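Quick notes on the structure that follows.
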Protein chains: 2
Amino acid sequence: MPDAYYLQLTEQLRYLITQHAAEWEGKLPSERALAERFSTTRVTLRQALAQLEGEGLIHRSNRRGWFISPARLMYDPTRDAGFNDYVRAQGRQPRTAVLKLETRPHLPAARALGLADNQPFHHIRRRRYVDDRAVLAESLWVVPECAPELLTIYTGQSLWGLLRERWGHHLANRSIHMVSEALSPMDAEELFVAPGTAGLNICRAILDEQRCPIEYDEEHWLHDSLCICVELSGQQ
Amino acid sequence: MPDAYYLQLTEQLRYLITQHAAEWEGKLPSERALAERFSTTRVTLRQALAQLEGEGLIHRSNRRGWFISPARLMYDPTRDAGFNDYVRAQGRQPRTAVLKLETRPHLPAARALGLADNQPFHHIRRRRYVDDRAVLAESLWVVPECAPELLTIYTGQSLWGLLRERWGHHLANRSIHMVSEALSPMDAEELFVAPGTAGLNICRAILDEQRCPIEYDEEHWLHDSLCICVELSGQQ
DNA sequence: TCCCGGCTTTGGTATAGACCAGAAGTCTGC
DNA sequence: GCAGACTTCTGGTCTATACCAAAGCCGGGA
């Protein structure tokens with residue numbers, strides 16, 4: 001139906017992928033092999049692959065090749081279930097790597113929480129995996145008074161769980177922003193993907209029941225790795 | 001800092017755009033002119049433009065050229081404020097074009113609302129504009145019993161307003177799914193953009209307070225045109 | 001057995017050109 | 001003055017080729 005060759009290629013690849021998913025064990029043949037099979041150049045072939053990448057059907061890992069993307073993770077950013085819990089609840093294997101622990105100011109966090117520009121925060125930078133695929137790079141910015149010794153005790157567990165159980169905070173008010181983005185060189189490197197890969201940016205500002213600021217976090221997801229789901233009951 | 005030339009180009013273009021936004025009146029010079037200015041080929045230049053497109057800084061319209069993207073629309077899919085209301089509330093000009101009115105079954109709607117596969121729906125297809133830019137193609141699938149003469153009276157107004165005021169429905173339960181996508185050829189054509197342009201797909205299933213199915217809708221947004229915002233109070 | 005170095009393959013980047021169809025501007029003839 | 005035809009310009013698509021750096025494989029030596 002579509003006239004452009006690369007769009008026909010896209011359809012043929014889509015079919016090939018569904019047919020050979022098992023046989024290929026998730027990894028596509030090399031670009032050169034595919035280009036030859038379809039009697040075209042790598043440039044055109046890559047246009048077709050980029051289409052499928054945009055749809056979330058396939059993704060690439062560094063210089064290792066193209067891979068079939070696993071099912072999207074269902075994720076409700078309005079709930080405070082821990083990452084580990086809801087990943088496991090979907091039959092997947094979660095993993096977290098802590099990349100950095102420090103204390104310093106961060107303007108977006110200060111602005112979002114209504115604090116002074118030079119307000120310092122406990123900063124946790126971590127990378128999270130689903131079934132050994134790095135899908136999320138995130139930064140957490142915690143108001144130090146709310147969790148004084150956080151950086152000395154933190155080892156990758158659920159932050160919200162800690163805030164609730166150890167410091168008794170009630171994460172009552174949340175302001176959530178989501179935008180699509182192109183991953184920055186830093187985020188891309190931390191997720192082992194090419195710079196400019198499509199991502200989803202989720203930011204949360206969290207205050208307690210007295211609207212006292214507790215925490216701000218910035219999440220950078222690979223765009224094909226999640227489906228955001230929100231369930232609401234009762235008229236807003 | 002980045003070594004790849006197209007990434008340096010990206011930065012230079014980003015700077016150029018902020019400098020000349022007013023002078024250019026929102027439209028960039030032609031690809032050929034830019035490629036010549038930077039002593040490179042259109043292919044490489046287009047790689048840099050694609051980066052900025054991914055970030056949402058610029059977009060293209062059909063074969064007319066590249067344009068600087070306006071600020072993102074703030075949008076809360078959990079509220080039922082009409083499109084016209086919240087667009088105007090942000091000082092922008094909304095517009096709606098009705099593309100199709102028909103009655104027929106639609107499998108995703110039936111599945112999402114828990115109805116039989118062959119359940120017919122009143123279908124409204126419309127395109128929505130912000131400041132004369134088409135940013136949203138959407139399909140609404142309404143259970144006919146909930147709004148019998150809908151198709152004969154509908155002329156582009158707020159559907160949720162109609163459901164509430166004319167038929168007295170209480171849109172109490174909502175299940176919302178959001179995923180990034182590549183726009184299908186049909187959606188892309190309706191929004192006057194190239195096939196495969198990045199988009200954001202939002203689907204809602206809506207039931208009343210007795211969990212009786214009322215409506216299902218599928219929204220396809222240009223990815224750079226909105227920021228999803230959700231405000232929550234009280235522990236979930 | 002295991003580590004290390006070299007070779008091969010891979011994707012990432014870039015050049016130089018070409019043709020097409022649609023959009024937009026221009027010019028002509030009524 | 002205006003509608004319609006023509007020309008120009010634009011992005012969209014495609015070919016053919018090349019080099020690089022990183023990843024991964026393989027084989028040899030400790």
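Quick look at the numbers
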read-out: Where a residue in the stretch A:15-35 is more than 12 Å from residue A:66 (Cα to Cα) and its partner, wherever it lies, is among the polar types (S, T, N, Q) and within 12 Å of DNA strand D (Cβ to nearest atom), with Cβ under 9 Å and at least six apart; value: A:35/A:41; A:35/A:44
read-out: Which numbered condition residue B:25 misses (of (1) outside the structural domain of residue B:171 (by TED's automatic domain parsing); (2) away from DNA strand C (no atom under 14 Å from the Cβ); (3) over 28 Å from residue A:195 (Cα atoms); (4) not hydrophobic (A, V, I, L, M, F, W, C)); value: (2)
read-out: Residue under evaluation residue B:55, criteria (1) surrounded by fewer than 16 Cβ atoms within 10 Å (Cβ to Cβ); (2) within 16 Å of DNA strand C (Cβ to nearest atom); (3) within 14 Å of chain A (Cβ to nearest Cβ), criterion not met; value: (1)
read-out: Lone unmet requirement of (1) farther than 26 Å from residue B:26 by Cβ; (2) open to solvent by 10 Å² or more (accessible area, probe 1.4 Å); (3) more than 14 Å from chain A (Cβ to nearest Cβ); (4) not in a loop (DSSP other than H, G, I, E, B) for residue B:148; value: (4)
read-out: Which numbered condition residue B:108 misses (of (1) free of Cβ contacts under 8 Å to residues at least 24 places away in the same chain; (2) open to solvent by 40 Å² or more (accessible area, probe 1.4 Å)); value: (1)
read-out: Condition met for residue B:77 (in contact with a strand residue (DSSP E or B) (Cβ under 7 Å, 6 or more places away or on another chain), away from chain A (no Cβ under 13 Å), under 15 Å from residue B:226 (Cβ atoms) and open to solvent by less than 50 Å² (accessible area, probe 1.4 Å)); value: no
read-out: Among the residues listed as A:35, A:48, the single one being in contact with a helix residue (DSSP H, G or I) (Cβ under 6 Å, 6 or more places away or on another chain) and farther than 21 Å from residue B:54 by Cβ; value: A:35
read-out: Tally of residues being more than 7 Å from chain B (Cβ to nearest Cβ), outside any loop (DSSP other than H, G, I, E, B) and not charged (D, E, K, R) across the stretch A:176-195; value: 2
read-out: Count - residues of the stretch A:1-20 that are away from chain B (no Cβ under 14 Å) and within 16 Å of DNA strand C (Cβ to nearest atom); value: 3
read-out: Cβ pairs under 6 Å, 6+ apart, first in the stretch A:205-230 and touching a residue at least 60 places away in the same chain (Cβ under 8 Å), second of a type in the set (Phe, Trp, Tyr) and assigned to a strand (DSSP E or B); value: A:205/A:216; A:216/A:141; A:226/A:75; A:228/A:75
read-out: Near pairs, Cβ below 8 angstrom, 6+ apart or cross-chain, from the stretch B:154-170 (more than 15 Å from residue B:141 (Cα to Cα)) to any residue that is open to solvent by 60 Å² or more (accessible area, probe 1.4 Å) and part of a loop (DSSP other than H, G, I, E, B); value: B:164/B:170; B:170/A:235; B:170/B:209
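Quick grid of which residues meet (1) more than 11 Å from chain A (Cβ to nearest Cβ); (2) of a type in the set (S, T, N, Q); (3) part of a strand (DSSP E or B):
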{"residue": "B:141", "(1), (2), (3)": "yes, no, yes"}
{"residue": "B:168", "(1), (2), (3)": "yes, no, no"}
{"residue": "B:204", "(1), (2), (3)": "no, no, yes"}
{"residue": "B:227", "(1), (2), (3)": "no, no, yes"}
{"residue": "B:232", "(1), (2), (3)": "no, no, yes"}
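Residue by residue, here is whether (1) under 17 Å from residue B:224 (Cβ atoms); (2) open to solvent by less than 20 Å² (accessible area, probe 1.4 Å); (3) within 16 Å of DNA strand D (Cβ to nearest atom) holds:
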site: A:172; (1), (2), (3): no, yes, no
site: A:176; (1), (2), (3): no, yes, no
site: A:191; (1), (2), (3): no, yes, yes
site: A:198; (1), (2), (3): yes, no, no
site: A:202; (1), (2), (3): yes, yes, no
site: A:207; (1), (2), (3): no, no, no
site: A:213; (1), (2), (3): no, no, no
site: A:222; (1), (2), (3): no, yes, no
site: A:228; (1), (2), (3): no, yes, no
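The values are calculated or read from the model by the stated rules, or taken from the named source; none is laboratory data. Just so it is clear, the structure is predicted and the values come from calculations on it, not from any experiment. For neighbour counting, all protein chains shown are included, and Cβ atoms are generated from backbone atoms with ideal geometry for every residue, glycine included. When the accessible area is computed, the model is the full protein with side chains, heavy atoms only, and any ligands, DNA or RNA have been set aside. Shrake-Rupley method; radii C 1.70, N 1.55, O 1.52, S 1.80 Å.
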